[in-house]
Structure formats: C-alpha cells, structure tokens
Amino acid sequence: MKKTYSFLFFMCFCIAFLPGCSGPKKNAADSIKAIYELYILGDTAGITSLGMTEEDINAAKETYDASLKETIRTKFAASGQEIDEQSLDELCEARKTALAKMSATAEVVSESEGKATVMVHTTYFDELTLDEDAFYAARETAQQSNFPTTEERQVFLMDTYTQNLIEAYRNVTPSEKTMDITVECVIQNNTWVPANMSSFGADLALAITGQK
C-alpha cells in the first residue's frame, strides 16, 4: 500500500478547502497554519477565524473521510480482498490519531504586492516504513501458519496487516526534527491562500509522512 495515503491527502486537499469570503484578514502564515490545523490536527479554530463556515468545514471533513475510505477500499480490492466497515473506520481513526500528534510553525519569509512566501516547519512520521513493517510482520505470521487454501491465507494476511497498521498508527511518535515546505500565497476573497492548493497539498502530504 505504498504511497496510498500521501496521494489521497493530496486529492482531499485540492478539492475540499473552500476559503471564506467574509473572514478577517490574517497574515499569510496564520492562514497556512489554519489550513494545516484543519487537515492535519482536526482543529477548526483557525480556519473558522478565516471565515470558513461550520457547514463548509463539515463538508470538507466529510469529503476527506469519504475519499480516504474509498482509497483504502480500492487498495484492498486490488489485492482481491474487501475490508469490513468496522476495520475501515478503525484504520481511518487511527491515522487521524497519528496525524493529530504532529505540530508545525509557519513564518512569512517575504511579502510584496499581494503575494507572499510562507515557510512551514512540521514534525512528521515515517508512514512508508510504518506501512511496510505492518505488512511484513503480517506476512511472517501468515507464513508460520497453515491454511487450507490460498484464499484463506490471503484473507488472514490482509486482516492481520490491517490490525498491525491500526496499532502502528496509534503508537506513532512524532519526529524530533522538522521538515520544511515553502508555500507561495496570494489573496483571494480577503484571505491569504496557497496560490496552488494542489501543490501545497502534495508537498505537505509528503512532508508530514516523512517522504519529502
């Protein structure tokens, strides 16, 4: 399941965020930090101050959750398996728990004529290694057992992998160091926003999961 979640995060970032048109005008660093807090930490205070309504916030969160679940289902289907709803919910919540442990600072490094450059410093966790370790541990367990059919072995493997992954997310420890990303910003509807939301989402996804 390599790069599943980083790709998904990029998709949700570029389609879910709806900048408010009547919010107070914060500086660019505050705006970027607010977006980070919404999608990474699940904290809505900052984004609310930018003028995003509760309805829009809920819609963004619902879109993110639905997209995450659909991507996980697709990955399991590619392996010829289905993931039950309870396990799917647990996996999504466990990943949110891991993300919520992260932290970041943001600073404006330049600003001129309605444009600004913001530097984000974020802690991260190595999601690729976490995912691989969960799978390899499940495979080793499966190899130590006997199954009547290959299908049963595959079901056991994926079930064990899923539980390993859930536990790994719950036990994530943020990095001591930070990764940096540069965000070019512009003013839209009296609010600083990333000039390219897709690029920002992709860069942040890679940084937060230790892949940048």
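Of note:
- Among the residues making up the stretch 117-143, those that are over 21 Å from K212 (Cβ atoms) and either touching a residue at least 24 places away in the same chain (Cβ under 8 Å) or open to solvent by less than 30 Å² (accessible area, probe 1.4 Å) (or both) are A134, F135, A137, A138, A142.
- Filter result for I57 (open to solvent by less than 50 Å² (accessible area, probe 1.4 Å) and under 26 Å from I32 (Cβ atoms)): yes
- When the stretch 79-100 is filtered for residues that are part of a helix (DSSP H, G or I) and of a type in the set (S, T, N, Q), the ones remaining, listed by number, are Q86, S87, T97.
- Of the listed requirements (1) modelled with pLDDT of 85 or more; (2) assigned to a helix (DSSP H, G or I), F76 misses just one: (1).
- Pick from the stretch 91-116, criterion crowded, with 20+ Cβ neighbours inside 10 Å and over 27 Å from A66 (Cβ atoms), ranking: nearest to the chain's Cα centre (by Cα): A106
- Failed item, numbered, when M158 is tested on (1) over 19 Å from the mean Cα position of the chain (by Cα); (2) open to solvent by less than 60 Å² (accessible area, probe 1.4 Å); (3) under 20 Å from E37 (Cα atoms): (3)
- Within the stretch 33-52, tally of residues that are over 24 Å from E93 (Cα atoms) and either of a type in the set (S, T, N, Q) or part of a helix (DSSP H, G or I) (or both): 1
- The stretch 194-212, residues that are crowded, with 20+ Cβ neighbours inside 10 Å, aliphatic (A, V, I, L, M) and in contact with a strand residue (DSSP E or B) (Cβ under 7 Å, 6 or more places away or on another chain): L204, A207, I208
The values are calculated or read from the model by the stated rules, or taken from the named source; none is laboratory data. Keep in mind it's a predicted model, so treat the numbers as computed, not measured. Neighbour counts run over all protein chains shown; Cβ positions are idealised from the backbone, glycine included. Each accessible area value is taken on the protein alone, full model and side chains, heavy atoms only, with ligands, DNA and RNA left out. Shrake-Rupley method; radii C 1.70, N 1.55, O 1.52, S 1.80 Å.
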